[in-house]
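One structure is given here, and the rest of the page talks about it.
The values are calculated or read from the model by the stated rules, or taken from the named source; none is laboratory data. These numbers come from a predicted model, not from an experiment. A quick note on method: Cβ atoms are made from the backbone with ideal geometry, for glycine too, and the neighbour counts reach across all protein chains shown. Just so you know, the surface numbers come from the protein's heavy atoms only, side chains and all, with ligands and any DNA or RNA stripped out. Shrake-Rupley method; radii C 1.70, N 1.55, O 1.52, S 1.80 Å.
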Amino acid sequence: MLVRFWGTRGSLPVAQRPPVIRGKLVRALMAAQGLRFADEAEAAAFVDAQLDFATRATYGGATACVEVEGGGEAFLVCDMGSGLREFGLDAFRRCAQGHARTYHFFLSHLHWDHIMGFPFFGPAFDPGATIVVHAGHPDAEQALRRQQEEISFPVPFDWLRARFEFITHAPGEGFEVDGVTVTLAQQHHSHDSYGYRFERNGRSVVYSTDSEHKLDDMRGEQAFEGFFAGADLVIVDTMYSLGDTVSLKQDWGHSSNVVAVDLCLAAGARRLALFHHEPTYSDEDISRMHEETIRYEELVRDDRPPLEVICAYDGLEVGV
Ligand SMILES: [Zn+2]
Ligand SMILES: [Zn+2]
């Protein structure tokens, strides 16, 4: 399987403001120390090899949207955050090359940051497209229709031309989509949220965002160890550092990098992707959290197999 991140920010889309770009340029020039480059390719090679991620790039600012390429014919997409617009443009390009125009969406929940990209999803206007929305929430269709009511948006849902199907699934009950086995788990979040586990040919990806893990609820956490068990990649909402979670932001419905590592290690998962980044965090803040998470994993691992910690950014592709 291949996982492609189209949107990795939580709560609200963000863009890098001019002083931030300026700061990156200043740091890059300082790192170059007056070096001369024969052409742009040589300069690009320096950027790739010598500059850290927060200087040469950005984690991006689109909200949650993650594609899982399962090797079948259809598109499989988790959530419809603002990253969905970019995915829709790329899907048009791939459909022009012969890709099937069938889209399966898996909605974690219906908060705005997870559905706000849908009114800008071009393929919804394609009369030859089929869009199947899988959700744990029976009110998923209502949420999508409501955000396109006249008071909020100029194009009503009924103007969309694709063929729609909404399917509500019960937690724990597995189902097949395009050759991939999918299972839901209910998560602790305002109005509930659902995690999805995708399995094909012995490989597995878990998408678990907007889930608050209670440090004092051992039974609930054991259920998640089962859901994450042996997964090749677990994508977890790590919006806050543990200090914030315990002191300020308890019951805000999100999780921390520390809890994510604990759960993934206990579950024997192979790789953890930090996801749903806090919108006020700079690229440097997110990089620092990534480094701290790697160090924390090394400290608490003991004799368990290592857990690789990666940090999701808009545009990242991960082979599973
Ligand atoms: Zn969210
Ligand atoms: Zn939410």
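Structure notes:
- Check on residue 90, within 30 Å of residue 284 (Cα to Cα), at pLDDT 95 or above and more than 16 Å from ligand 1 (Cβ to nearest atom): yes
- Odd one out for residue 79, checked against (1) within 16 Å of ligand 1 (Cβ to nearest atom); (2) on the phi < 0 side of the Ramachandran plot: (2)
- Among the conditions (1) at pLDDT below 95; (2) in contact with a His (Cβ under 6 Å, 6 or more places away or on another chain), the only one that residue 34 does not satisfy is (2).
- Neighbours by Cβ (under 6 Å, 6+ apart or cross-chain): first from region 29-54, more than 20 Å from residue 284 (Cα to Cα); second assigned to a loop (DSSP other than H, G, I, E, B) and of a type outside the set (Val, Ile, Thr): 43/37
- Residue check for residue 134: touching an Asp or Glu at 6+ places or on another chain (Cβ under 8 Å) and modelled with pLDDT of 95 or more: no
- Verdict on residue 169 being open to solvent by 10 Å² or more (accessible area, probe 1.4 Å) and within 16 Å of ligand 1 (Cβ to nearest atom): no
- Any hit, region 144-152, residues being among the small types (Gly, Ala, Ser) and surrounded by fewer than 20 Cβ atoms within 10 Å (Cβ to Cβ): yes
- One residue from 125, 118, 105 being over 18 Å from the mean Cα position of the chain (by Cα) and either at pLDDT 95 or above or within 16 Å of ligand 1 (Cβ to nearest atom) (or both): 125
- Of all residue pairs spaced 6 or more apart or on separate chains, those with beta-carbon atoms under 8 Å, a first member in region 87-101 that is of a type in the set (Gly, Ala, Ser) and a second member that is open to solvent by 90 Å² or more (accessible area, probe 1.4 Å) are 88/120; 100/73.
- Selection of region 185-197 for residues being in contact with a strand residue (DSSP E or B) (Cβ under 8 Å, 6 or more places away or on another chain) and either more than 22 Å from residue 73 (Cα to Cα) or surrounded by fewer than 17 Cβ atoms within 10 Å (Cβ to Cβ) (or both) yields 185, 186, 187, 192, 193, 194, 195.
- As a summary of the residue check, residue 10 satisfies the conditions (1) under 17 Å from residue 313 (Cα atoms); (2) more than 15 Å from ligand 1 (Cβ to nearest atom); (3) of a type outside the set (A, V, I, L, M) except for the one numbered (2).
- Pairs are defined by a Cβ separation below 7 Å, a sequence spacing of at least 6 or placement on different chains, a first member in region 105-118 that is part of a strand (DSSP E or B), and a second member that is near ligand 1 (Cβ under 8 Å from one of its atoms) and not hydroxyl-bearing (Ser, Thr, Tyr); the pairs so defined are 107/114.
- Residue selected from region 261-281 under the condition in a loop (DSSP other than H, G, I, E, B) and buried (at least 20 other Cβ atoms within 10 Å of the Cβ), by the criterion farthest from ligand 1 (Cβ to nearest atom): 269
- All told, residue 47 meets the bar of being away from ligand 2 (no atom under 16 Å from the Cβ) and either closer than 22 Å to residue 237 by Cα or at pLDDT 95 or above (or both).
- Residue in region 89-96 that is within 17 Å of residue 124 (Cα to Cα), among the aromatic types (Phe, Trp, Tyr), touching a Phe, Trp or Tyr at 6+ places or on another chain (Cβ under 7 Å) and away from ligand 2 (no atom under 16 Å from the Cβ) present: no
- Qualifying residue in region 55-66 (condition: open to solvent by 70 Å² or more (accessible area, probe 1.4 Å), of a type in the set (A, V, I, L, M, F, W, C), more than 16 Å from ligand 1 (Cβ to nearest atom) and out of contact with any helix residue (DSSP H, G or I) (no Cβ under 7 Å at 6 or more places or on another chain)): no
- Residue within region 209-216 that is under 20 Å from residue 239 (Cα atoms) and free of Cβ contacts under 8 Å to residues at least 12 places away in the same chain present: yes
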